[in-house]
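The values are calculated or read from the model by the stated rules, or taken from the named source; none is laboratory data. Predicted, not measured: the structure shown is a model, and the values here were computed from it. For neighbour counting, all protein chains shown are included, and Cβ atoms are generated from backbone atoms with ideal geometry for every residue, glycine included.
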Amino acid sequence: MKKKILTKNIYFYHFLLFITCIVSRVFTSIFYIEDIDSLRFALSLNDYDISKLQPHFPGYFVHHIIIKPIYLLTSNIGLSFSIVGGFSIYICIVYILKIFSISLKSKEGIFISFFIFFNPLIWLMSNRYMPDIAGLAVLSLSFYYIYIPKNNHILGPLTFGLLSGLRLSYIPFLLFPILKSFKENPFKNKFILMFVFGIFIWLTPLILLTGINDFFGIALNQTNGHFNDFGGTIISNNNFTDRGIHFFRSIWADGMGGYTQGRSIFSLMISALLSFFLIIIFISRKKLYEKNVFKILFASIIIYSIWIFFFQNIIYKSRHILPIILFLIPVLILSVFHFNEMNKKIRVFLLSLFLILQGILTVILSIQHKEPSSIHQVKEFISNSSNTTTIVSIPLINFYLKTHGISSNFIDIDDQNSENKIQLKNDHNNIILIGEFLNVIENKKQYSKSDTTFYHNPYVNKMWSEIKVYTLSEKK
């Protein structure tokens, strides 16, 4: 009888957690397109076509299959992404607890749940028009099924294959556990078959939809572009110091709410507590490392950190550190709880204080997230400038404006080569120049100018957080 009551209670807690995750994310939904990456995923809901970069390769087809039915029911882009985001947070919490064999009702389970729930970067990404949080959910689920021996020859490789069609860049995080699991697995043929089937589920319809020749052409072009041109990898941006600073800052400030120049006092207080917790992690490392899951996790974090440092855009896109943050949270909580030199009440107090401070910071950021981003403000500014006939900017900004129905004569700037000058002509009247590109206008002295600057909080979104707009008019 007592066991039945406990089972009912745990179901109730899971139901409460599920509803809270969904409702909280719906409440902080955003109803504008905040950047160029979000635009591509928003466009894909009505016209999925990777040849148009809607979305960009590899297509994120598993995410599209998940979110499309919700969009058809709600007819609202913001709500659709928030519902998927809320459900994904629930999956992350449930499977992180499963990985570490922790009950949702335990003190450790409650703190881990709340830390994931209120994490600033995880919250913001659960509302953004992107597949990262859904990918994070499948990553945690896949890690669990790979790690648990009784499931790792079926569900482990199957979810690993599915993850490649949802968030391909998260695959390196699972390389060590999947190879270890394969090596130790007696059912190797079944293991390989389930992995191939996991890929087959999403890759086959994507190729049929795109066409096999077009698909491989797009794949080669986009892969080459990512690594050698626009992907922000070590090849296109080889400043090791800059990459190292942004890697640390992404984890410290964006991921955990730590202090950097210009941030609030909440971040300063969070930093003090976070520094203390990191010292505890270091002291407790031997005790934690005795458990096999921490050994596997440590190897996964190292491999993934190397991957994103060299081959992802960590300078402008802090979302790439999400897997590190998700798995760092339980390590932090468990380290504090295993630190026997500290009084139990003090442990709970310090963790609670950190949670409250981070929760306040997250609420502030999520409210700011609901306010239009800089590029959306620029779009509104141009929409209200009825006499604009020429817009001069980089191709990505021009594309954003075109897809929002801005009808003007668009001139693209080559932002990779400032020596490519633009000569404005007499028929270029009522000109708006977006960005700090006055230096590329060869005949700028013929024009008088006024400028307006649009901002949003870079800790909400690093991309285009400050945009200067010049209104040019020919001198009389």
Search the stretch 304-316 for residues being surrounded by 15 or more Cβ atoms within 10 Å (Cβ to Cβ) and part of a helix (DSSP H, G or I), and hand back the single one that is nearest to the chain's Cα centre (by Cα). Ile308
In the set Ile251, Ile245, Ile235, the lone residue that is at pLDDT 90 or above, surrounded by fewer than 18 Cβ atoms within 10 Å (Cβ to Cβ), under 20 Å from the mean Cα position of the chain (by Cα) and not small (Gly, Ala, Ser) is Ile245
Evaluate the following for Arg263: is it within 22 Å of Leu355 (Cβ to Cβ) and not aromatic (Phe, Trp, Tyr)? yes
Residues in the stretch 279-292 that are surrounded by 15 or more Cβ atoms within 10 Å (Cβ to Cβ) and either outside any helix (DSSP H, G or I) or under 25 Å from the mean Cα position of the chain (by Cα) (or both) total 1
Within the stretch 213-234, is there a residue that is in a helix (DSSP H, G or I), among the acidic types (Asp, Glu) and touching a residue at least 40 places away in the same chain (Cβ under 8 Å)? yes
Test result for Phe57, among the aromatic types (Phe, Trp, Tyr) and either touching a Phe, Trp or Tyr at 6+ places or on another chain (Cβ under 7 Å) or surrounded by 22 or more Cβ atoms within 10 Å (Cβ to Cβ) (or both): no
